[in-house]
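Chemist: Supplied in structure tokens, the structure appears directly below.
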Amino acid sequence: MRILFCTSEASPFAKTGGLADVAGSLPEALHKLGCDVRIFMPLYRCVREKLASLEPLGQGATITIGPHDYHVHLWQSRTASGIPVYFLEKDEFFDRSNLYGSPVRGDYEDNAERFIAFSLSVRHVCEAAGWFPSIFHLHDWQTGLVAPYFQMNWRYDPRFARSGTVFTIHNIAYQGIFPAGFFPLINLPPRVWSFQGIEFWGQCNLLKAGIVYSDFLTTVSPRYAEEITTSDFGFGLEGVLTERKKSLRGILNGIDTDIWDPRTDSYLPENYGPDELAGKNACKRALCQLAGFEKTTRRFPLLGMIGRLAAQKGFDLLEQILPELMELPVNLVILGTGDASIEESIRSMERHFPDRLKLTDRYDEKMAHLIEAGSDIFLMPSRYEPCGLNQMYSLRYGTIPVVHATGGLDNSVSDVLLHPGSGTGFKFYQYEPEAFLEKIKSALALFENSPKWEQIQKRAMAQDFSWSMSAKNYLAVYDKVAGQRRP
């Protein structure tokens, strides 16, 4: 099975979010299953800075965007495990400080041209490598145009006759929508410009291009696959996705179990595992000390929270319950940046409870690991969460999560109150502050019963969220698509 990952970012080369984690980790897991997997992505400035040397791939290629021809160059490298990685060089598009836009001015105005260029170059990288994939695995709107380019043009080339396309939606809220005037730049037949194609309320929708023209669709959890076919979560594309429901599957993301392992985590003051939890108490003491909590309050249950300070991540619920939560004998540590008004609301409460509430408004990798290890309970009340990773980190570290039952949170956490013998956390089902607070109180009540709490911790730590299971599920999808392409 030959698989080409087409992605706008991949760890460790370039990253803004979870897409990079998937595009960096899933190929490694597929490689271990015997697949010939390769990655194609833009050559950003940050990639040049990380890679000491690159080898040229072929003589470059000419691509056409609207009336203009551009010459691009192709380069190659390898991951630490030997997976080939190809890069598209076009400095006027990709030699920039950020991947998609400026923090001050927002998205780059030429993002359409940038990712039209990238999508067109997918064919050329295969030709330059002399390697033609069984599966083009496409990720998010930045690669959505690869699907119609393949369907309208490339599949008539005998070298691609047995290839197929799989398109993964990581977050449907980001769709790559551009004015109708950009359509001529795409150089696709006029019939593509219709409500059955990439037209979306009079605009070009590149995510829709991937949805409509790919052979098969996946998203990052089974629950999210259901949610995006509804008006609450579909962001206007629920009708298109409902039509394609038979070709849509949710596969839960995995986590890097080498980096996130309490038994070997170098960020922790003391390591621990399910058979010996004493080290977790040392992590709690270290986290309380780092947060500046008084010794008199360090015996309280410690709640942890990591994420973007935004309503989507449930911080609007936290704002509403925080006064009442701080009346309980608990400590709370928060790590994240984002909405200024949410930050100020938390800061105001922090000034009243400096020995029990701590907000760190930056991303700190060491502190993230320490929060996962040192907290007793992890809060993740996201309004929607396609997959989520922190709840899986928490389970692996024996830190019991309280989550909103949405997307991957619902798929990865089993409710202790509904399933006393197998539950691993606590879930609230109505997105309301009262429901959130009630589940926190349920968790705190059970925390007082040490033997039962330890049983929940051990069940949580026994869960397998490694990429190996996800890779097997993706391989089944690839086999299905490849089977459809065989004569």
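None of the figures in this text is laboratory data; all of them are computed from the coordinates on show. Just so it is clear, the structure is predicted and the values come from calculations on it, not from any experiment. So basically every Cβ, Gly included, is an ideal-geometry build from the backbone, and we count neighbours across all protein chains shown.
Chemist: Residue by residue through the range 54-62, which ³J(HN,Hα) values in whole Hz follow from phi under the Karplus form 6.51 cos²θ - 1.76 cosθ + 1.60 (θ = phi - 60°), with glycine and proline marked x?
Modeler: Karplus values, whole Hz, x for Gly and Pro: 10, 9, x, 10, x, 9, x, 8, 10.
Chemist: Given R₀ = 22 Å, what would the calculated FRET efficiency be for residue 95 paired with residue 203, taking r from the Cβ atoms and rounding to 0.05?
Modeler: 0.20
Chemist: Quick query: amide H of residue 90 versus all other amide H atoms, modeled in the peptide plane; which residues come in under 5 Å with a sequence gap of 5 or more or a different chain?
Modeler: Correct list: 43.
Chemist: Rounded, prolate or oblate, given the Cα gyration tensor of the range 278-464, with a/c below 1.5 counting as rounded?
Modeler: Note, shape of the range 278-464 comes out rounded.
Chemist: Please state the shape class of the range 301-407: rounded when a/c is under 1.5, otherwise prolate if a/b exceeds b/c and oblate if not, all from the C-alpha gyration tensor.
Modeler: In terms of gyration-tensor shape, rounded.
Chemist: In nm, to one decimal, how far is the residue 476 label point from the residue 276 one, both placed 7 Å along Cα→Cβ?
Modeler: It is 3.8 nm.
Chemist: Need the full-extension length gain, residue 450 to residue 231, defined as separation in residues times 0.36 nm minus the C-alpha distance. One decimal, nm.
Modeler: 74.5 nm
Chemist: Next question, about the same structure. Under 15 Å from the Cβ of residue 217, count the other residues' Cβ atoms, weight Lys and Arg +1, Asp and Glu -1, and hand me the total.
Modeler: Net local charge, residue 217 excluded: 0.
Chemist: Classify the range 1-152: rounded, prolate or oblate, from the alpha-carbon gyration tensor (a ≥ b ≥ c, eigenvalue square roots; a/c under 1.5 rounded; otherwise prolate if a/b is larger than b/c)?
Modeler: Since a/c stays below 1.5, the shape of the range 1-152 is classed as rounded.
Chemist: Also, I was wondering about something else. Relative to the present Cα-Cα distance, how much length would full extension add between residue 462 and residue 191 at 0.36 nm per residue of separation?
Modeler: The residue 462-residue 191 span can extend by a further 92.4 nm.
Chemist: Sticking with this one: Between residue 296 and residue 15, what's the calculated FRET efficiency when r is the beta-carbon distance and R0 is 30 Å? Round to 0.05.
Modeler: Calculated value: 0.15.
Chemist: What is the packing order of peptides 128-134, 400-406, 193-199, taking the mean over residues of other C-beta atoms within 10 Å and listing the highest first?
Modeler: The densest-packed peptide leads the list: 400-406, 128-134, 193-199.
Chemist: OK, next. For every helix of n ≥ 4 consecutive DSSP H residues, a contribution of -39,500 (n - 2.57) applies; sum these over the chain, divide by its total residues, and give [θ] at 222 nm rounded to the nearest 500 deg cm²/dmol.
Modeler: -11000 deg cm²/dmol
Chemist: Here's another thing I want to ask about it. Go ahead and run the numbers for FRET between residue 51 and residue 110, Cβ-Cβ distance against an R0 of 22 Å, rounding to 0.05.
Modeler: Using R0 = 22 Å, I get an efficiency of 0.35.
Chemist: Can you work out ³J(HN,Hα) from phi for every residue in the range 468-483, in order, using Karplus 6.51 cos²θ - 1.76 cosθ + 1.60 and θ = phi - 60°, giving whole Hz and x for Gly and Pro?
Modeler: 4, 5, 4, 4, 5, 5, 5, 4, 5, 5, 4, 4, 5, 5, 4, x
Chemist: For the range 108-187 and the range 410-487, write down the distance between their C-alpha centroids in whole Å.
Modeler: Each part reduced to its Cα centre gives a spacing of 34 Å.
Chemist: So who's got an amide H within less than 5 Å of the one on residue 357, skipping anything under 5 residues away but keeping other chains? H placed 1.01 Å off N, in plane.
Modeler: 332
Chemist: Could you tell me the relative contact order of the chain? Use alpha-carbon pairs under 8 Å, at least six residues apart, and round to a whole percent.
Modeler: Over the chain, the number comes to 13 percent.
Chemist: Which of the trypsin sites (Lys or Arg not before Pro) found in the range 247-316 are loop residues per DSSP with 11 or fewer other Cβ atoms within 10 Å of their Cβ?
Modeler: The qualifying sites are 299.
Chemist: Would you kindly state how much longer the chain becomes between residue 258 and residue 337 on full extension, computed as 0.36 nm times their sequence separation minus their alpha carbon distance, in nm to one decimal?
Modeler: 25.8 nm
Chemist: Using a 7 Å offset from the Cα along the Cα-to-Cβ direction at both residue 327 and residue 310, what is the distance between the two label points in nm, to one decimal?
Modeler: Distance between label points: 3.3 nm.
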